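Report on the following structure.
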Amino acid sequence: DHMEDARASAERLRDGVKDLIKDDPLLIEWCDIDCCERFIRARPSSYDDALTLLVKSIAWRKETNPHIMQCKQCNEDPLSHNMRIVGLDRYHNPVMYSFFSQALNRLAPEDSIRHLTRVTEDAMTMNKQQGGKKIIWVIDFDGFSFSDCNPRTAMLVLPLLDNYPDTLRAIFLVDAPMIFNGTYKVVAPLLPATTKEKVKFVSLKASQEEFSKFCDENTTQWMLDEMQENRERRKPPKQYWVGLSAAEKSEGGEEEDARGNHDPRGTSELLS
């Protein structure tokens with residue numbers, strides 16, 4: 001049985017690193033059987049490759065402590081980056097959303113990677129709590145410019161993803177412009193085939209059909225409303241981390257949002 005074989009391989013893998021994690025309760029909790037199964041699936045043809053990948057990831061976690069990593073820039077100014085968890089898909093996997101136009105300090109690759117690490121850690125913690133296994137990442141390219149075409153950012157993302165193998169369920173690139181093609185051509189050959197299959201280029205107009213394959217009607221509609229609103233409300237940048245009514249009142253207005261009860265913090269399921 002394939003599932004039994006995968007479980008046995010994961011148990012063998014965990015046993016292979018027990019001396020590396022035995023003195024760290026956080027690593028023991030992180031390196032559970034589900035975690036080890038992800039590393040096995042990421043390197044299905046070679047146990048040794050899976051072990052090497054896991055050993056490197058353990059060393060990375062010991063060095064960087066991602067579970068307590070903070071985005072200093074966003075702590076000082078929430079508009080520095082715009083990437084957050086906004087909902088859950090049909091299988092209770094976190095849905096992450098990134099938006100270029102509202103990420104005002106996004107051009108420093110190392111800072112962006114720290115922010116991505118923080119959000120991914122939060123998503124993985126949510127998976128343990130919600131019973132999810134994967135992550136959906138929606139990247140909204142509205143506002144993307146030549147200044148964003150820094151291959152270094154992409155080259156830093158690739159090794160980071162090695163620490164979260166077999167985690168992405170889908171990556172939606174919404175309205176990616178032609179100028180992004182050069183960056184993607186550099187990155188694409190370096191992506192594992194299983195990751196490349198999950199990359200989906202979609203337009204905002206066509207995104208509803210694609211989102212609905214993974215998310216329920218409410219989450220799909222939230223994504224559509226959020227992206228449309230972000231294209232209409234550019235200045236001042238909206239305070240997406242607070243509820244709509246509070247944000248409107250802080251700006252001195254009492255007008256209701258045109259889309260009714262859309263909350264920029266996330267879906268009602270996430271916020272409940």
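The values are calculated or read from the model by the stated rules, or taken from the named source; none is laboratory data. Only a predicted model underlies this, so the values are computations on that prediction, with no experimental measurement involved. Note that each Cβ is placed from the backbone with ideal geometry, even for glycine, and that neighbours are counted across all protein chains shown. Surface accessibility is based on the protein's heavy atoms, side chains included, excluding ligands, DNA and RNA. Shrake-Rupley method; radii C 1.70, N 1.55, O 1.52, S 1.80 Å.
Does the range 116-132 contain any residue that is hydrophobic (A, V, I, L, M, F, W, C) and over 30 Å from PRO236 (Cα atoms)? Even if it seems obvious, please write down each step before you answer.
The first filter runs over the range 116-132 and keeps only residues hydrophobic (A, V, I, L, M, F, W, C), leaving 116, 119, 123-124, 126.
In the following step, the residues that additionally are over 30 Å from PRO236 (Cα atoms) were identified as 124, 126.
There is at least one residue in the range 116-132 that is hydrophobic (A, V, I, L, M, F, W, C) and over 30 Å from PRO236 (Cα atoms).
Answer yes or no: is there a residue in the range 133-150 that is within 15 Å of the chain's Cα centre (by Cα) and without any contact (Cβ under 8 Å) to a residue 12 or more places away in the chain.
Looking for residues that are within 15 Å of the chain's Cα centre (by Cα) and without any contact (Cβ under 8 Å) to a residue 12 or more places away in the chain, one finds none in the range 133-150, hence no.
Restricting attention to the range 55-100, which residues are more than 25 Å from ARG169 (Cα to Cα) and touching an Asp or Glu at 6+ places or on another chain (Cβ under 7 Å)?
Listed by number, the list holds a single entry, GLN73.
Could you list, in sequence order, all residues of the range 206-234 that are open to solvent by 20 Å² or more (accessible area, probe 1.4 Å), of a type in the set (S, T, N, Q) and either touching a residue at least 24 places away in the same chain (Cβ under 8 Å) or outside any helix (DSSP H, G or I) (or both)?
SER212, ASN218, GLN228 - these are the residues of the range 206-234 that are open to solvent by 20 Å² or more (accessible area, probe 1.4 Å), of a type in the set (S, T, N, Q) and either touching a residue at least 24 places away in the same chain (Cβ under 8 Å) or outside any helix (DSSP H, G or I) (or both).
Only one of ARG118, ARG106, ARG169 is in contact with a helix residue (DSSP H, G or I) (Cβ under 9 Å, 6 or more places away or on another chain) and surrounded by fewer than 21 Cβ atoms within 10 Å (Cβ to Cβ). Can you tell me which?
Working: ARG106 fails: surrounded by fewer than 21 Cβ atoms within 10 Å (Cβ to Cβ); ARG169 fails: in contact with a helix residue (DSSP H, G or I) (Cβ under 9 Å, 6 or more places away or on another chain).
It is ARG118.
Looking at the range 99-114, which of its residues are out of contact with any Leu (no Cβ under 9 Å at 6 or more places or on another chain) and touching a residue at least 40 places away in the same chain (Cβ under 8 Å)? Write out each step before concluding.
Step one: of the range 99-114, the residues out of contact with any Leu (no Cβ under 9 Å at 6 or more places or on another chain) are 99-101, 106-108, 111, 114.
Answer for the range 99-114, where residues must be out of contact with any Leu (no Cβ under 9 Å at 6 or more places or on another chain) and touching a residue at least 40 places away in the same chain (Cβ under 8 Å): PHE99, PHE100, SER101, ARG106, LEU107, ASP111, ARG114.
Out of the residues in the range 196-205 that are open to solvent by 30 Å² or more (accessible area, probe 1.4 Å) and not in a loop (DSSP other than H, G, I, E, B), state the one that is nearest to ASP89 (Cα to Cα).
Top of the filtered list is LYS200.
Run down LYS18, LYS72 and say which single residue is in contact with a helix residue (DSSP H, G or I) (Cβ under 8 Å, 6 or more places away or on another chain) and open to solvent by 70 Å² or more (accessible area, probe 1.4 Å).
On the way: LYS18 fails: in contact with a helix residue (DSSP H, G or I) (Cβ under 8 Å, 6 or more places away or on another chain).
Just one listed residue meets the conditions, LYS72.
Could you list all residues from the range 175-189 that are open to solvent by 60 Å² or more (accessible area, probe 1.4 Å) and in contact with a Pro (Cβ under 7 Å, 6 or more places away or on another chain)?
Result: VAL186, single match.
Pick from the range 235-272 the residues that are at pLDDT below 85, in contact with a helix residue (DSSP H, G or I) (Cβ under 7 Å, 6 or more places away or on another chain) and under 22 Å from GLU217 (Cβ atoms): which of them is least open to solvent (accessible area, probe 1.4 Å)?
Here the answer is ASP257.
Being open to solvent by less than 10 Å² (accessible area, probe 1.4 Å) and either among the hydroxyl-bearing types (Ser, Thr, Tyr) or outside any helix (DSSP H, G or I) (or both), is that true of even one residue in the range 142-158?
Here is the first cut: in the range 142-158, the ones open to solvent by less than 10 Å² (accessible area, probe 1.4 Å) are none.
Checking the range 142-158: not a single residue is open to solvent by less than 10 Å² (accessible area, probe 1.4 Å) and either among the hydroxyl-bearing types (Ser, Thr, Tyr) or outside any helix (DSSP H, G or I) (or both).
Can you go through GLU110, GLU121, GLU197 and tell me which one is at pLDDT 95 or above and not polar (S, T, N, Q)? Spell out how you get there, then give the answer.
Details: GLU110 fails: at pLDDT 95 or above; GLU197 fails: at pLDDT 95 or above.
That would be GLU121, the only listed residue that is at pLDDT 95 or above and not polar (S, T, N, Q).
Would you mind telling me which numbered condition in (1) modelled with pLDDT of 95 or more; (2) among the basic types (Lys, Arg); (3) surrounded by fewer than 17 Cβ atoms within 10 Å (Cβ to Cβ) ARG61 fails?
So the condition that ARG61 fails would be (3).
If TYR91 passes every condition in (1) touching a Ser or Thr at 6+ places or on another chain (Cβ under 8 Å); (2) within 16 Å of THR267 (Cβ to Cβ); (3) not hydrophobic (A, V, I, L, M, F, W, C) but one, which one does it miss?
Of (1) touching a Ser or Thr at 6+ places or on another chain (Cβ under 8 Å); (2) within 16 Å of THR267 (Cβ to Cβ); (3) not hydrophobic (A, V, I, L, M, F, W, C), only one is false for TYR91: (1).
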